[in-house]
Amino acid sequence: MNIESLDKAFVLSSYGRNTTSFVKGKGSKLYDDTGKEYIDFASGIGVSSVGHGNEVLVDAICNQAKKLIHTSNLQVIEPQARLAERIVGLSGYDMRCFFGNSGAEANEAAIKIARKYGKVSFDNGEFDKKRYKVITLEHSFHGRTITTVKATGQDDFHSPNFSPYPDGFSHVGTIDDVYGHIDDETVAVLIELVQGEGGVQPFEREEIQKLALAMKEQGILLMVDEVQTGVYRTGEFLASNLYDIEPDVITLAKGLAGGVPIGVATTNLKDIFEPGDHGSTFGGNFLSTSAGLAVLEVLEEEKSSGALDEKVNLFAENLDRIATNYPNLFSQNVGLGLMLGLRAVDSKIQQTVMSNAFEEGLIVLKAGRNTVRFLPPLTITKEEIIEGFNRF
Ligand code: PLP
């Protein structure tokens, strides 16, 4: 059987897949089984942050695999402790970390942190005083588990096929709507600073700073989902750094280990969990956290050498030019850093642009609000960017 038939026969059909089969990658280029080359402006939906076949990452994975891949979280794990130290150091916040394996799992941990905070801080013995409600935003995306899909502010994801969903989540249209929605059971607000799946839509700095201040005054947690925006994607280590706020909980995943599954919830509630409160068999094992350390080594160098900022500017110039030259196709360019998008004037143009780009050997992504989304590896070279836009 060929791969397509094997896939059809044995893999559940939860993805709308095309039939291209990639067999290798180098830098920001991918090659399919016919030998065709593609420039990767998608990095596996923001995951391959240091590109494909990066030597520092590959060496770290191979060396660690030869020594130890996994023990369990019943013992200390050296690279996990070192990665936690690194993440906290780079964030600039006084926090501790919990390690899982995905963005959804990181957000699940965040929600458990919020619920426990709601119990220990507000419940004086009567259950109805416990705070447990989490407010999220329309167009948000927080994951596919039953809880994180309920946290996701897009009704399309709340199919009755999977109901009932957990209680305690509500969605508001704008940041300003949050204030009127808070009641005496609200424990947290969970937001993305740039809504990725929702159309690469950044919020205004001032409105986020105002929200952060108001939440602090009311003892309500500000939880920032940086699964997509984190780890230099927006040009700074965290989008929270860019917005100059101090969230109570931050979640990371995607780009952190360059493709090895990882998810992290970090919080300034440093003593919120006691042994037994939460766990994950694979979370933060030797392999994923060694990969995370290698990725940070590469990306810290990209940032400090100025290379990342140059690429951010080059990408922005190209998108500005395209949006200006093709108003018949795109209404505006959106995003921050290397998390960018072009808003197509309608969904048909979005689809046509995406499939034509693929034909030309360029991988771009779809996002909400008719957006053609760009999430290139953060190590992409100038030549690859220029060639990618030629193809576009
Ligand atoms: N949160 C955000 C902002 C995301 O973009 C995603 C994935 O696209 C998730 C959470 C879920 O992450 P995962 O698919 O790793 O569970």
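Things to note:
- Residues that are polar (S, T, N, Q) and part of a strand (DSSP E or B), drawn from the range 362-376: Thr371
- The one condition from (1) of a type outside the set (Asp, Glu); (2) buried (at least 21 other Cβ atoms within 10 Å of the Cβ); (3) more than 17 Å from the chain's Cα centre (by Cα); (4) closer than 26 Å to Arg144 by Cβ that Phe98 does not meet is (3).
- Selection from the range 207-232 of residues that are more than 16 Å from the ligand (Cβ to nearest atom) and closer than 16 Å to Ala151 by Cβ: Ile220, Leu221
- The strands (runs of 3 or more DSSP E) located wholly in the range 125-206 that include 1 or more residues which are within 11 Å of the ligand (Cβ to nearest atom), touching a Ser or Thr at 6+ places or on another chain (Cβ under 6 Å) and closer than 28 Å to Thr234 by Cβ occupy 186-191.
- Any chance Leu211 is surrounded by fewer than 23 Cβ atoms within 10 Å (Cβ to Cβ), in contact (Cβ under 8 Å) with a residue 60 or more places away in the chain and part of a helix (DSSP H, G or I): no
Yes/no matrix, rows are residues, columns are (1) touching a Gly at 6+ places or on another chain (Cβ under 8 Å); (2) modelled with pLDDT under 95; (3) farther than 28 Å from Gln154 by Cβ:
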{"position": "Asn318", "(1), (2), (3)": "no, no, yes"}
{"position": "Ile322", "(1), (2), (3)": "no, no, no"}
{"position": "Gly335", "(1), (2), (3)": "yes, no, no"}
{"position": "Gln350", "(1), (2), (3)": "no, no, no"}
{"position": "Val372", "(1), (2), (3)": "yes, no, no"}
{"position": "Ile380", "(1), (2), (3)": "yes, no, yes"}
{"position": "Phe392", "(1), (2), (3)": "no, no, no"}
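- Unique match (being under 20 Å from Arg115 (Cα atoms) and out of contact with any Cys (no Cβ under 8 Å at 6 or more places or on another chain)) among Pro275, Pro261: Pro275
- Beta carbons closer than 9 Å, at least 6 apart along the sequence or on distinct chains, pair a first residue in the range 253-269 that is more than 19 Å from Asp94 (Cα to Cα) and among the basic types (Lys, Arg) with a second that is in a loop (DSSP other than H, G, I, E, B) and away from the ligand (no atom under 11 Å from the Cβ) for Lys254/Ser49; Lys254/Val231.
- Tally, over the range 325-361, of residues that are hydroxyl-bearing (Ser, Thr, Tyr) and assigned to a loop (DSSP other than H, G, I, E, B): 1
- Gly16 being farther than 26 Å from Thr281 by Cα, surrounded by 12 or more Cβ atoms within 10 Å (Cβ to Cβ) and not polar (S, T, N, Q): no
- Which listed residue is touching a Leu at 6+ places or on another chain (Cβ under 6 Å) and surrounded by 17 or more Cβ atoms within 10 Å (Cβ to Cβ), from Val334, Val264, Val298: Val264
- Screening Leu308, Leu256 for residues that are part of a helix (DSSP H, G or I), on the phi < 0 side of the Ramachandran plot, within 16 Å of the ligand (Cβ to nearest atom) and touching a helix residue (DSSP H, G or I) at 6+ places or on another chain (Cβ under 6 Å) leaves exactly one candidate, Leu256.
- Selected residue [in contact (Cβ under 8 Å) with a residue 40 or more places away in the chain, part of a loop (DSSP other than H, G, I, E, B) and not charged (D, E, K, R)] from Ile385, Ile380: Ile380
- Extreme residue, surrounded by the fewest Cβ atoms within 10 Å (Cβ to Cβ), among residues of the range 48-58 that are in a helix (DSSP H, G or I) and in contact (Cβ under 8 Å) with a residue 60 or more places away in the chain: Val56
- Screening the candidates Ile61, Ile69, Ile39, Ile45 for the property of being of a type outside the set (Lys, Arg), more than 26 Å from Ile3 (Cβ to Cβ) and surrounded by 13 or more Cβ atoms within 10 Å (Cβ to Cβ) yields one hit, Ile69.
- All told, Ser121 falls short of being within 14 Å of the ligand (Cβ to nearest atom), surrounded by fewer than 24 Cβ atoms within 10 Å (Cβ to Cβ) and either on the phi < 0 side of the Ramachandran plot or part of a helix (DSSP H, G or I) (or both).
- First in the range 233-246 and basic (Lys, Arg), second anywhere and assigned to a helix (DSSP H, G or I), Cβ under 7 Å, 6 or more apart: Arg233/Gly46; Arg233/Gly255
- Note on the range 150-162: residues that are within 28 Å of Lys129 (Cβ to Cβ) and surrounded by fewer than 20 Cβ atoms within 10 Å (Cβ to Cβ) amount to 0.
The values are calculated or read from the model by the stated rules, or taken from the named source; none is laboratory data. Just so it is clear, the model here is predicted, and its values are computed rather than measured. Neighbour counts run over all protein chains shown; Cβ positions are idealised from the backbone, glycine included.
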